[in-house]
Structure formats: structure tokens, C-alpha cells
Amino acid sequence: MQNETLRPETTPAGLAEFRPVIDPSAQSHPEGTLVDKYGRRITYVRLSITDRCDFRCTYCMAEEMNFVPHSEVMSLEECLQVATVFVGLGVSKLRITGGEPLVRKNAMWLIERLGALPGLDNLVMTSNGSQLDRFAQPLREAGVKRLNISLDTLKADRFKKITRIGELKKVLRGIDAARAAGFTRTKLNTVMMRGTNDDEFADLVQFALDNALDLSFIEEMPLGEIHGRNTTYISSEETRDRLAQRFELIPSTENSGGPARYWRIPGSESRIGFISPHSHNFCDTCNRVRITAKGELYPCLGQNDAINLLQVLRADSSEESLRQAIVDSMGIKPFGHDFTQQMDAPQVVRFMSMTGG
């Protein structure tokens, strides 16, 4: 692939300096691991490789988005450098996200190299599914272990309305391609929206059961200035109550390494999960951080504090400087987020597509 030129970049307004004041306890961790000041070990990184997407989902983006200029986006080589240092610090799970990661030019160059990183046990990807009919087999061969695919409806007209420009049939082809490539435990992600797709929750569960898929229902999160969430929000508990009218849900202690809490349905291998950042947040066991396509390290999805790793990379490309910046970031990781009362006036004004899905 053609190398991308490294360019200097100033720190965007609102980002923390890359050497923040650190609580001393954030440094007291075993050599080669990341532990925050609350004793939580960080083993999971969500790495966005682009803020661009071929959909415009209403809960993820504004209708007219201003995307990040190419010069401010991490090159694929920089993405690899960041991931390599994290793995050296004990991170064993890496999720590739976007936007839609597969619209990034030469994305497979990066994914192939990530799949070969010693010590990375679990390389996974979140996708909207639109490109999987082309990329499922190469992803499997590159070492991607599991796929999450966004699917909020099984109705083509409704899908078009939610995504603004997407086609349901492409996603369904992508799901079939993932199965044909040998992926198992593929998980569907469904954002719960009252008055939009809440009449389909049971049908989505049945679709998952019929196709040997896992499914996670996600409470809508107040990220970005998108109005109307106060009327569309549905809690995980309400959805479980609705599903219980059709399915027997048995609580499970299974853990996929992320925030979902799972239920099982007798006679099926599918897991039905619920991600509940509002009603039952999972902050006490948080083991993850997010890296945006701009190289911003967000220790918490629900807060605005961040460290600019791209500034570090382009000022001093040494592994030690990058490693120290990542270790220092543990000092600004809060105990948790507070989404309460923020639905239509969110504290976090960046859109989900900017943070990484």
C-alpha cells in the first residue's frame, strides 16, 4: 500500500494534554499491564479506523455530517503502532470499529497485520454488514475471530428510514457471507427505539434463533445533539418483559468480554444480551478504552476527557513515548459515566460515529 505522510497536528480544543496529572495509584500496576486508579485492568481496546460510513443511521450521525479531514486521521501504520503498544501492555482483545471500518481504503492491510500480533488473543470487528459479502472470507483468513453486525429492523422500508441510505438486502447477504466464511457466534446489535423498531424485538430474536446468531439489545445513548431521545428511549428491563411474553429467558453468567449481560432461551445456542448504559450501567467492571480515528484515547465513552495519541505519534514516534502516554491516560479514567437526565441535552456532544461504534 502507499504510505501516508505523517503530518504535525495541534491538540483540538477540549482534549487533555497527553501528560495529565496522575493519581499515583494509577502507576501501581504489574509491569506490562494497564490498571486504572480504581483497580480495573484494561484488557480491551476499541480502535476506530475511520469516522466515515456508507450508512447515516439516525442515532449515530447527523443527516449532514462533517467528516474528519484525511490529514487528521491516523494512517493505517499509526493504527498498527498504537495497537502494538496496547498489546504489549497486556490488552488481549481488540475490536476494529468505525464508522464502517470496511469502507477505509486498504483496511485489510491493517487487519492482516493485527491478526498476526503475538499476544492478541481476540481480534473482532463491528460492522454494518454492507461490505461483508466481499470481505467476510478475507477477514476470516486474516485472523478476525468474531463479527458484530448492526441490525435494527427486518423491514426494508424501515431499514432505509433508520439508515437514511442503507439497503437491508446487503446486510442480509453479509450475514450469509459471514456464516459461509466460517464465522460462529456472530452477534447482531439492535438499538432499541420506541415507536421505531420496538414492535420487532421478538421477530429479531426469532431471526437470531433461526440463524444461529447471538443478539444484543442496546439502550440508546445520549451521544451527539440528536433530539427526541426522551420519547424513543426504552430500558432493557422493559424489553425483557416484552420478550418474556413469547420466549422463556433464563439469566446466564456468560461473559463475552464486553458490557452485555446475557440470557438464554431453552433449546437454542443463541445468547440474547442487553447493554444497559442507562438503567444498569456496567462501569464497575469496565475493562476497555476507545481510540477514535483521530487518535483520541477516550477512557470513558460517557465523558469528554481524552488523550491525543496522534499528537504523541507525530511529535515523537518512539514506542516509549506512546507507551507512557497510554499508561498516563489511566489517570483520567473516571469511575463511571452518568447518562441520567442527558437524553436531549447530552453532556457528550460528539456523535457515536466520531467516537467509534
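The values are calculated or read from the model by the stated rules, or taken from the named source; none is laboratory data. All figures in this text were calculated on a predicted structure; none of them were measured in a lab. Cβ coordinates were reconstructed from backbone atoms using ideal geometry, including for glycine residues, and neighbour counts include every protein chain displayed.
General observations
- Check on Ser71, within 24 Å of Ser317 (Cβ to Cβ) and touching a Lys or Arg at 6+ places or on another chain (Cβ under 7 Å): yes
- Residue in segment 218-233 that is part of a helix (DSSP H, G or I), touching a strand residue (DSSP E or B) at 6+ places or on another chain (Cβ under 9 Å) and of a type in the set (Gly, Ala, Ser) present: no
- Lone unmet requirement of (1) surrounded by fewer than 21 Cβ atoms within 10 Å (Cβ to Cβ); (2) modelled with pLDDT under 70 for Ser353: (1)
- Only residues that are within 18 Å of Ile42 (Cα to Cα) and among the acidic types (Asp, Glu) were counted in segment 81-132, giving 1.
- Any hit, segment 330-339, residues being under 21 Å from Val68 (Cα atoms), of a type outside the set (A, V, I, L, M), surrounded by fewer than 21 Cβ atoms within 10 Å (Cβ to Cβ) and at pLDDT 65 or above: no
- Note on segment 143-174: residues that are surrounded by fewer than 16 Cβ atoms within 10 Å (Cβ to Cβ) and acidic (Asp, Glu) total 2.
- Filter pass, Asn189 being within 23 Å of the chain's Cα centre (by Cα) and crowded, with 18+ Cβ neighbours inside 10 Å: yes
- Within segment 125-134, the presence of at least one residue that is touching a Phe, Trp or Tyr at 6+ places or on another chain (Cβ under 6 Å), crowded, with 21+ Cβ neighbours inside 10 Å and in contact (Cβ under 8 Å) with a residue 60 or more places away in the chain is confirmed.
- The C-beta contact set for segment 97-108 (first residue in contact (Cβ under 8 Å) with a residue 12 or more places away in the chain, second residue of a type in the set (Ser, Thr, Tyr) and assigned to a helix (DSSP H, G or I), distance under 8 angstrom, 6+ apart or interchain) comprises Gly98/Ser353; Gly99/Ser353.
- Scope segment 287-306; condition surrounded by fewer than 24 Cβ atoms within 10 Å (Cβ to Cβ) and of a type in the set (S, T, N, Q); matching residues: Asn287, Gln303, Asn304
- Qualifying residue in segment 54-72 (condition: touching a Cys at 6+ places or on another chain (Cβ under 6 Å), in a loop (DSSP other than H, G, I, E, B) and at pLDDT 85 or above): no
- Hits in segment 312-329 (condition: of a type in the set (S, T, N, Q) and surrounded by fewer than 21 Cβ atoms within 10 Å (Cβ to Cβ)): Ser317, Ser318, Ser321, Gln324
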